[in-house]
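For reference, the structure is listed below as structure tokens.
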Amino acid sequence: MVKVFGHLSPDTDATCSAIVWAWYLNEHTAHEATPFVLGELNSETSFVLNRFGFSVPELLVELAAKDEVIIVDTNNPQELPTNINEANILQIIDHHKLVGGLTTDSPIDITIRPLACTATIQYDLMMQAGVTIPANIAGLMMSAILSDTLGFRSPTTTPHDKDVVEKLAMIAGTDHLAYAEEMFAAKSDVSGFTDSGLIKLDSKKFEVGDKNFRVSVIETTTPATILARQAGIIEAIKACVTEEGDIDDVLFFIVDILNEEATVLTYSDLTKQVISSSFEVEVTTDTEVLPGIVSRKKQIVPALKL
Ligand code: MN
Ligand code: MN
């Protein structure tokens, strides 16, 4: 049985792409596959699975050596189980920069394309294989692309991603733009998450000069509800830095989906310094608004410097 999974802090693409690809393998190849997630789902992903009638994939608690795995929506060993290189990786489907670190015993099937979402690549692979996509699978794929592109607002969006969403929306029988608003409203309800839960909800670690950061992003249509929790979030950041030991600080970005801007918490000297140099602003207070910034992958991470 092949285990299909995406990254830690699972998002809608990591979760839906794992379900979609496990479906494809079971229905159209000789493989038997099961999708897994590597953590608790965010409220948007829960909404999506519920909407299209899927249950939450099982949590991967342990990966055994030689387990057959397929990785979606990442190629970064830091975002995968610590013993990933002991597993038998069969395939990687991803749309992130190649970071290196994964190793295999034999040649494997790797598809990394500069598109906005893993589901867009999976659509192309399935079309190439002559597969007919059923409505509920199309719904998951459409949701993943709308999520990764923030409803086509993100600069990562390509014309092909848009085109694929329109095709999937027809199959799913869904008005995709109205549906995207529903997804973002679901994502914005983070009342069920603790302050430390918010930090890990959508978070990746990056090296900047000689410092290590967690870059956490909350995408929301109601940034005020997050800002109202600022004091608690800062306490949770300090606890997280102490507890994890391998990071110097957390850059916490609140992305306002509708106004297309980010507010970053600049509560410490280090966060003030890195945000000042990276975005050429003079940070004086404990928050900084960055107009037009919505994408960690395309706008935040490439800009980061000390
Ligand atoms: Mn992802
Ligand atoms: Mn993705």
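The values are calculated or read from the model by the stated rules, or taken from the named source; none is laboratory data. Just so you know, these numbers come straight off a predicted model, no measurement behind them. All Cβ positions, glycine included, derive from the backbone under ideal geometry; neighbour counts span all protein chains shown. All accessible areas refer to the heavy atoms of the entire protein, side chains included, with ligands and DNA or RNA removed. Shrake-Rupley method; radii C 1.70, N 1.55, O 1.52, S 1.80 Å.
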* Specify which of the listed residues (Ala144, Ala119, Ala138) is out of contact with any strand residue (DSSP E or B) (no Cβ under 6 Å at 6 or more places or on another chain), assigned to a helix (DSSP H, G or I) and away from ligand 1 (no atom under 16 Å from the Cβ). => Ala138
* Inspect the stretch 77-96 for any residue being within 21 Å of Leu168 (Cβ to Cβ), surrounded by fewer than 22 Cβ atoms within 10 Å (Cβ to Cβ) and among the small types (Gly, Ala, Ser) and give the result as yes or no. => no
* To do: Mind listing whichever residues of the stretch 35-53 are part of a loop (DSSP other than H, G, I, E, B) and either more than 19 Å from the chain's Cα centre (by Cα) or farther than 20 Å from Asp148 by Cα (or both)?
  => Phe52, Gly53
* To do: State yes or no: is Thr74 closer than 16 Å to Thr118 by Cα, within 16 Å of ligand 2 (Cβ to nearest atom) and in a helix (DSSP H, G or I)?
  => no
* Got a sec? Which of Asp210, Asp195 is in contact with a Lys or Arg (Cβ under 7 Å, 6 or more places away or on another chain) and farther than 18 Å from Thr15 by Cβ? -> Asp195
* Output the residues belonging to the stretch 280-298 that are surrounded by 19 or more Cβ atoms within 10 Å (Cβ to Cβ) and touching a residue at least 40 places away in the same chain (Cβ under 8 Å). => Ile293, Val294, Ser295, Arg296
* Restricting attention to the stretch 26-50, which residues are under 22 Å from Asn83 (Cβ atoms), β-branched (Val, Ile, Thr) and away from ligand 2 (no atom under 15 Å from the Cβ)? -> Thr34
* To do: Go through the stretch 202-279 and tell me which helices (runs of 4 or more DSSP H), entirely inside it, have 2 or more residues that are touching a Leu at 6+ places or on another chain (Cβ under 8 Å) and either open to solvent by 10 Å² or more (accessible area, probe 1.4 Å) or in the same structural domain as Thr149 (by TED's automatic domain parsing) (or both).
  => 230-244, 269-279
* Which of the residues that make up the stretch 64-76 are open to solvent by 70 Å² or more (accessible area, probe 1.4 Å) and either under 25 Å from Arg214 (Cα atoms) or within 15 Å of ligand 1 (Cβ to nearest atom) (or both)? -> none
* Structure fact -> Residue pairs qualifying under the 9 Å Cβ cut-off, at least six apart or on distinct chains, with the first in the stretch 51-65 being in the same structural domain as Gly173 (by TED's automatic domain parsing) and within 16 Å of Leu41 (Cβ to Cβ) and the second being of a type outside the set (Ser, Thr, Tyr) and open to solvent by 90 Å² or more (accessible area, probe 1.4 Å), are Leu59/Glu40
* Being surrounded by fewer than 15 Cβ atoms within 10 Å (Cβ to Cβ) and under 24 Å from Asn259 (Cβ atoms) narrows it down to one of Ser191, Ser147, so name that one. => Ser191
* Only residues that are away from ligand 2 (no atom under 16 Å from the Cβ) and not in a loop (DSSP other than H, G, I, E, B): list them for the stretch 1-25, please. => Val2, Lys3, Ala22, Trp23, Tyr24, Leu25
* To do: State which residue pairs qualify: first residue among the acidic types (Asp, Glu) and inside the stretch 11-31, second residue in a helix (DSSP H, G or I) and open to solvent by less than 20 Å² (accessible area, probe 1.4 Å) in any location, beta carbons under 7 Å apart, and separation of 6 or more residues or different chains.
  => Asp11/Thr45; Asp11/Ser147; Asp13/Thr118; Asp13/Ala119; Asp13/Ala144; Asp13/Ser147
* Output the number of residues of the stretch 77-96 satisfying the condition of being under 12 Å from Ala14 (Cβ atoms) and either more than 16 Å from ligand 2 (Cβ to nearest atom) or not in a loop (DSSP other than H, G, I, E, B) (or both). => 3
* **Number of the exception - Val61 against (1) open to solvent by 30 Å² or more (accessible area, probe 1.4 Å); (2) touching a helix residue (DSSP H, G or I) at 6+ places or on another chain (Cβ under 7 Å); (3) under 27 Å from Asn83 (Cα atoms); (4) not in a strand (DSSP E or B)** => (2)
* Which of the residues that make up the stretch 97-116 are within 16 Å of ligand 1 (Cβ to nearest atom), over 23 Å from Ile137 (Cα atoms) and touching a helix residue (DSSP H, G or I) at 6+ places or on another chain (Cβ under 9 Å)? -> Lys97, Val99
